[in-house]
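Asker: Provided herewith is a single structure, encoded as structure tokens, for subsequent inquiry.
Since every read-out is calculated from the coordinates, none of them should be taken as a lab result. None of these values were measured; they are calculated from a predicted model. Counting neighbours? That spans all protein chains shown, and the Cβs are built from the backbone with ideal geometry, glycine included.
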Amino acid sequence: MGLFQKRRDAAYLQRLDTRGVFDNTTKNALPQTIIAKIVQNHFASPNGKTPKALLIGFDGARADSMHLLVKSEDEAVTGKLFTSAYSAVNTLKAEGGLYLSFAGGVPENPQETSTAQGWAAILTGVWGDDNGVKRHVPLKTDCPTVLRSLAENGKKAAFLAEWADHFTITYKEEIRMAEEKKLPLCFRKYADDAALAQAFSEHIAGDTDCIFGIFEAPDYNGHTTGFGARNYRYAAGVMHLDNLAYRLMEEVRARPTYEKEDWLVLIPSDHGGHGRRHGTQQMYDRMTFIACNQPIKG
Ligand SMILES: [Zn+2]
């Protein structure tokens with residue numbers, strides 16, 4: 001790695017460590033694989049209420065995009081509406097926490113900071129060497145996603161996304177297995193974020209126990225206009241999704257059975273980005289975030 005890259009990485013990490021935004025630091029950032037374990041634990045140890053989960057994926061949302069939503073304690077400036085009352089991330093941060101996480105494997109055994117690798121690590125709880133998605137190939141059939149594990153235990157789960165490769169490559173075998181075993185696990189593809197939001201609403205109003213979906217605005221805007229919180233087109237995508245996610249959380253709270261249910265709500269991102277791409281081991285690409293309505297112990 002060149003000296004310039006080292007300096008860029010260090011400066012970015014320092015920016016992420018500005019006080020008051022994240023509830024951990026870049027030094028103890030959580031591996032993205034922790035998410036499958038959090039979901040698994042949530043369903044394995046019910047507290048008397050019915051466990052449920054809502055996972056709202058922000059594809060390609062960089063860690064520093066959280067600075068758009070949460071004002072740091074290091075900023076001396078004052079202004080109006082720095083924090084929205086209709087922000088999913090701020091609501092989750094107040095209830096649980098907002099954490100720095102990382103994609104791209106452990107430094108000793110790196111993997112691509114890309115969509116297929118990222119979501120497969122998030123959903124299986126293990127890195128590519130173990131789940132098979134170190135390259136862009138189907139997930140190993142003996143390495144279930146947390147959605148499939150839940151479905152095998154009688155829970156109803158949904159995987160909602162837009163990118164065709166999820167369905168034709170990464171989860172191809174798992175989709176076949178779910179159909180063969182008649183598991184209560186559905187995989188559905190949608191045309192865009194609006195159609196996906198509608199599908200989320202339908203599952204929230206229905207009886208699905210674990211709803212997982214991936215919104216594409218940050219990744220799409222990053223590839224077309226550049227990744228990074230300082231690009232207003234990229235920023236707009238992240239901020240609109242934050243508001244959309246808040247609306248979905250309100251729909252959860254409006255369920256007639258809400259008081260009898262224990263909802264775990266998570267917003268993860270799969271990778272960051274730099275320029276108009278991602279996939280590398282640069283910190284811009286590796287650093288991600290997890291917002292959760294329960295504190296996460298690393
Ligand atoms: Zn991408």
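Asker: Which of these, 270, 209, 192, has the largest mean-square fluctuation under a Gaussian network model of the chain (Cα springs below 10 Å)?
Answerer: Sorting by GNM fluctuation, first place goes to 192.
Asker: So which residue, out of 168, 25, 280, gets the largest mean-square fluctuation from a GNM of the chain using Cα contacts under 10 Å as springs?
Answerer: 168
Asker: Another question, then. Through the Karplus equation 6.51 cos²θ - 1.76 cosθ + 1.60, θ set to phi - 60°, convert the phi angles of the stretch 279-292 into ³J(HN,Hα) values in whole Hz; use x for Gly and Pro.
Answerer: x, 8, 9, 4, 4, 4, 7, 6, 7, 10, 9, 9, 9, 9
Asker: Among the listed pairs 155/181; 140/172; 93/134; 37/155; 155/260; 156/189, give every one whose C-alpha distance is greater than 21 Å. Numbers along the way, then the final one.
Answerer: Working: 155/181 14 Å; 140/172 10 Å; 93/134 31 Å; 37/155 16 Å; 155/260 17 Å; 156/189 17 Å.
Table pairs above 21 Å Cα-Cα are 93/134.
Asker: At q = 0.13, 0.24 Å⁻¹, what log₁₀ I(q)/I(0) does the stretch 144-213 have when each alpha carbon counts as one equal point scatterer in the Debye sum?
Answerer: -0.34, -1.09
Asker: With a Förster radius of 30 Å, plug the Cβ-Cβ distance of residue 47 and residue 141 into 1/(1 + (r/R0)^6) and report the FRET value to the nearest 0.05.
Answerer: Numbers: r = 33 Å, r/R0 = 1.10.
Efficiency at R0 = 30 Å is approximately 0.35.
Asker: Tell me which residues come under 5 Å, amide H to amide H, from residue 102 once H is placed; ignore anything under 5 positions away on its chain.
Answerer: Amide H neighbours of residue 102: 30, 32, 288.
Asker: Each residue of the stretch 232-239 in turn: what ³J(HN,Hα) in whole Hz from Karplus with 6.51, -1.76, 1.60 and θ = phi - 60°, glycine and Pro shown as x?
Answerer: Per residue, the Karplus-derived 3J(HN,Hα) values read 5, 5, 5, 4, 4, x, 5, 5 Hz.
Asker: Could you pull out the chymotrypsin sites (Phe, Trp or Tyr not before Pro) across the stretch 64-138 that fall in loop regions by DSSP (anything but H, G, I, E, B) with no more than 15 other Cβ atoms inside 10 Å? Before the final figure, lay out the partial values.
Answerer: Numbers: sites: 82, 86, 99, 102, 119, 127; in loops: 82, 86, 127.
Qualifying residues, ordered by number: 82, 86.
Asker: Run the paramagnetic zone check for residue 153: 7 angstrom along Cα to Cβ, then residues of the stretch 171-210 with backbone nitrogen under 17 Å.
Answerer: 183-185, 208-210
Asker: Tell me the relative contact order for the chain as a rounded percent, counting alpha carbon contacts under 8 Å between residues six or more apart. Each step should come with its number before you reach the end.
Answerer: Numbers: 617 pairs, mean separation 93.4, N = 298.
This gives 31 percent for the chain.
Asker: Continuing with this model, one more query. Among 186, 210, which comes first, second and so on when ranked by fewest other beta-carbon atoms within 10 Å?
Answerer: 186, 210
Asker: Give the aspartates and glutamates reachable from residue 52 as a straight Cα distance under 14 Å; neighbours fewer than 8 places away on the same chain don't count.
Answerer: List returned: 207, 209, 251, 259, 261, 262.
Asker: Taking neighbour Cβ counts within 10 Å as the exposure measure, how do 130, 74 sort from fewest upward?
Answerer: Numbers: 130 15, 74 11.
Lowest count first: 74, 130.
Asker: If you don't mind, there's one more thing I want to ask. Collect residues whose amide H, placed 1.01 Å from N in the peptide plane, falls under 5 Å from the amide H of residue 279; neighbours closer than 5 in sequence don't count.
Answerer: Long-range HN contacts for residue 279: 113.
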